[in-house]
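One structure is given here, and the rest of the page talks about it.
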Amino acid sequence: MRTYVVAGGTSGMGRGLALHHLRVGDRVTVVGSDPGRGQRFLDDAARLGAASRAAFVQADLTSVAANRRVIDEIGARYDALDGLVLTALRHFPRRTETPDGFEATFALYYVSRFLLSHGLTDLLERGGSPMIVSICGVGITKGRLHWDDLTLKDGYSGLKAMLQAGRATDLLGVAYAAAHPGGRTRFLLHHPGFTDSGTGSLTQPTRTIVRLLARLLAQPVERSIQPIIELMADPPPGRLLAYDRRTPVDPSLPTLDPEAARRLYELTRHLL
């Protein structure tokens, strides 16, 4: 029986992966902000006969303190982890600054993943074949880090914020292995493609447009998670893995630049 933590595991692909691992006999703790969705996950686990292997931790992952509390709770619950799945993401149509001083998209999409990845490394290193899975937009080259304005006070848009946080999340994967030399934990950056994983954080009319496009073009969650399940079960060599569905991403892309990754890692440590 393996042990997994899924951040953002109450909906979309995170929920799909969490339920998959419960079905095959693993233990899964999901983290999310909505207690109603958390209870629905626990109810689904009970219907699968997996109530004793499922847990829900409520947390607003835009908060640094909440991420650190999650790390402490997971550490108190488990002696080792086999995997950490990072899926938490939402759209902020208006600029929102967290109490920690981060732009909210950056806080949820990047800072939370930074904290959970590095904060749970000790537990992961005790796992059998540990892996961090970050569901993201790796391979996309649009967007950039606004080094002199990471909080996007100048010219905010939801798309600009999403692209910046996505590029930061790519660099998190690149920097992870260098930050833990000699470690065993693999870091998988995975771009699942357009997936019908819900539109709860979108506002109108964007929500209606995305729903219509999803009906026509998006693949269901069950199909999107299959390449991830395969890579987790039988990973290729190397500590950094980057895939667009089942296709490896070119590691020489400028969005995976090791020097930029090192710079962002050091800056994030300073900010935290």
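Arg144 meets the conditions (1) without any contact (Cβ under 8 Å) to a residue 40 or more places away in the chain; (2) in a helix (DSSP H, G or I) in every case but one. The failed one is (2).
It is to be established whether one or more residues within segment 32-51 are surrounded by fewer than 18 Cβ atoms within 10 Å (Cβ to Cβ), small (Gly, Ala, Ser) and under 30 Å from Thr268 (Cβ atoms). No, the conditions are met nowhere in segment 32-51. Would you tally the residues in segment 222-246 being aliphatic (A, V, I, L, M) and either touching a Leu at 6+ places or on another chain (Cβ under 7 Å) or at pLDDT below 95 (or both)? Looking only at that region, the number is 5.
Quick check on His118: is it at pLDDT below 95 and under 24 Å from Met162 (Cα atoms)? It is false that His118 is at pLDDT below 95 and under 24 Å from Met162 (Cα atoms). Looking at segment 35-58, is at least one residue charged (D, E, K, R) and under 12 Å from the mean Cα position of the chain (by Cα)? Checking segment 35-58: not a single residue is charged (D, E, K, R) and under 12 Å from the mean Cα position of the chain (by Cα).
Lys160 passes every criterion in (1) buried (at least 22 other Cβ atoms within 10 Å of the Cβ); (2) in contact with a His (Cβ under 9 Å, 6 or more places away or on another chain); (3) farther than 20 Å from Val30 by Cβ; (4) not polar (S, T, N, Q) apart from (1).
If you go through segment 113-125 and pick out every residue that is surrounded by 22 or more Cβ atoms within 10 Å (Cβ to Cβ) and over 14 Å from the mean Cα position of the chain (by Cα), you end up with 2. Listed by first and then second residue, the pairs linking a residue in segment 229-247 that is under 18 Å from Val5 (Cα atoms) and assigned to a helix (DSSP H, G or I) to a residue that is of a type outside the set (A, V, I, L, M, F, W, C) and modelled with pLDDT of 95 or more, with Cβ atoms under 7 Å apart and 6 or more places separating them unless they lie on different chains, are Ile229/His20; Leu231/Tyr243; Met232/Gly83.
Residues are listed down the side, and each one gets a yes or a no for (1) at pLDDT below 95; (2) buried (at least 16 other Cβ atoms within 10 Å of the Cβ); (3) in a helix (DSSP H, G or I); (4) of a type in the set (Ser, Thr, Tyr):
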{"site": "Asp72", "(1), (2), (3), (4)": "no, no, yes, no"}
{"site": "Gly75", "(1), (2), (3), (4)": "no, no, yes, no"}
{"site": "Asp100", "(1), (2), (3), (4)": "no, no, no, no"}
{"site": "Ala107", "(1), (2), (3), (4)": "no, yes, yes, no"}
{"site": "Gly127", "(1), (2), (3), (4)": "no, yes, no, no"}
{"site": "Thr151", "(1), (2), (3), (4)": "no, yes, no, yes"}
{"site": "Tyr156", "(1), (2), (3), (4)": "no, yes, no, yes"}
{"site": "Asp170", "(1), (2), (3), (4)": "no, yes, yes, no"}
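The values are calculated or read from the model by the stated rules, or taken from the named source; none is laboratory data. In this text the structure is predicted, and so the values were computed from the model without any measurement. Positions of Cβ are backbone-derived with ideal geometry, glycine not excepted, and every protein chain shown enters the neighbour counts.
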